[in-house]
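Step one of this worksheet: look at the structure below.
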């Protein structure tokens, strides 16, 4: 079965990037395609360098919802039990149908290019600059430190993320392509002072930024909540996880999301909803597979954030590994599919944190 592609490009009234693609269980989770020996060696060397350099770094502010540990006594939403019951039922439906839950590392995810101070800069042409916030976004894309060998993720969304720690800046792209005349993108976002960022797009992100910036339909960066290869190699995920649901609640969203493309009923989780595993759950006693245990620990300490909808099945996200040697990400699956690993996750022990629903931005935490 071909991986489902969600080509939703409505933003406000015209274009809204999002609807990250959901890879189907039947579409192999191992790396595909051939890699030449020199490219393989370069990828292996690059992987080692990035894993080493990524240690001791973080995306977004220490106090951002992505990075801040949840208090055991954090208030739960009155609808928590009903929403978790519905989510657990959806998990069972997907397992029975053989469509999920899943860990997207290809079409619906993004590669992360962490570049140095001296990386050459290139302009990126924004194809939708006529949209609200487009002129400011084009200025942010006028000079971007994109490596010569950079490639966006495969699939319709063609995400790509560039992070330059020395300049404390990040750029993300939706619909990126490198054409004969240079780089183009349909939409995206940019954040300056990443180390101080709250972790979502709004006027503080960049001069002229608006809440409709970003490569997801919620204004949450597509790299936010993504499991990085370096983190899996280190055995610890030190931030909240992004989770996409088949159909987020329509018409409303909750902080930290700043917009939505939700099409689901009132009983569905809205975009921006934050979940966490019951702090009283003894994860060590569950005897989970290693990757499942890492996910569970992160969900208990930092939580999970509904970032988008898939129109297919539940999805978590891992860094797009296409620029690394084949198998460097899937080795963490240890011979199982993501669905098999996530079947062991204690979905029925999740809790939904208190929500304050919004219908338009800015959506603030109350």
Note to self: Here's a check for you: in the stretch 317-327, which residue that is under 27 Å from residue 95 (Cβ atoms) and in contact with a helix residue (DSSP H, G or I) (Cβ under 7 Å, 6 or more places away or on another chain) is modelled with the highest pLDDT?
What the structure shows: 319
Note to self: So for the stretch 219-238 (the condition being farther than 24 Å from residue 105 by Cβ, touching a strand residue (DSSP E or B) at 6+ places or on another chain (Cβ under 9 Å) and either free of Cβ contacts under 8 Å to residues at least 24 places away in the same chain or assigned to a loop (DSSP other than H, G, I, E, B) (or both)), does at least one residue qualify?
What the structure shows: no
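Across the stretch 92-103, what is the number of residues that are outside any loop (DSSP other than H, G, I, E, B) and buried (at least 19 other Cβ atoms within 10 Å of the Cβ)?
3
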Item checked: Restricting the stretch 73-91 to residues that are out of contact with any helix residue (DSSP H, G or I) (no Cβ under 9 Å at 6 or more places or on another chain) and in a loop (DSSP other than H, G, I, E, B), the residue that is surrounded by the fewest Cβ atoms within 10 Å (Cβ to Cβ) -> 73
Note to self: Going through 158, 93, 114 one at a time, which residue ends up being at pLDDT 95 or above and closer than 30 Å to residue 354 by Cβ?
What the structure shows: 93
Item checked: Qualifying positions in the stretch 320-350 - in a helix (DSSP H, G or I) and touching a residue at least 40 places away in the same chain (Cβ under 8 Å) -> 330, 332, 333, 338, 339, 341, 342, 347, 348, 349
Check: Of all residues in the stretch 235-272, how many are under 27 Å from residue 169 (Cα atoms) and touching a helix residue (DSSP H, G or I) at 6+ places or on another chain (Cβ under 8 Å)?
Finding: 7
Next item on the list: Give the residue that is farthest from the chain's Cα centre (by Cα), with candidates limited to residues of the stretch 159-197 that are in a loop (DSSP other than H, G, I, E, B) and crowded, with 18+ Cβ neighbours inside 10 Å.
Entry: 186
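The values are calculated or read from the model by the stated rules, or taken from the named source; none is laboratory data. For clarity, every value in this text was computed on a predicted model and none was experimentally measured. Ideal geometry is used to build each Cβ from the backbone, glycine not excepted, and the neighbour counts take in all protein chains shown.
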